[in-house]
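Here, each number is a calculation from the coordinates, and none is a lab measurement. Keep in mind that what you see is a predicted model, and the values were worked out from it rather than measured. Every residue, glycine as well, gets a Cβ built from its backbone with ideal geometry; the counts of neighbours run over all protein chains shown.
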């Protein structure tokens, strides 16, 4: 494997994950009541706790995407220009 293949892999992983994050934020901000009604059997708390939990999960997912997709993409892109 060369740098170009790995960089393309991380680029597309980052794009796909960022699209998932954007869609999730839009869905949960516009349709949070609908989402709570669909998932209230799975979640034991009230709607306010549900919103806090969902946004905490999304924040954790954003951090994971940054650490494991975006940072390696930029590091490899920089190394490609150096070497």
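Within the stretch 36-57, if we keep just the residues that are in contact with a helix residue (DSSP H, G or I) (Cβ under 6 Å, 6 or more places away or on another chain) and either free of Cβ contacts under 8 Å to residues at least 12 places away in the same chain or under 17 Å from residue 20 (Cβ atoms) (or both), the residue that is surrounded by the fewest Cβ atoms within 10 Å (Cβ to Cβ) turns out to be 43. The test for being out of contact with any helix residue (DSSP H, G or I) (no Cβ under 6 Å at 6 or more places or on another chain), under 30 Å from residue 5 (Cα atoms) and touching a residue at least 60 places away in the same chain (Cβ under 8 Å) does not hold for residue 73.
Considering 15, 26, 64, the condition of being loosely packed, with under 11 Cβ neighbours inside 10 Å and without any contact (Cβ under 8 Å) to a residue 24 or more places away in the chain is satisfied by 26 alone.
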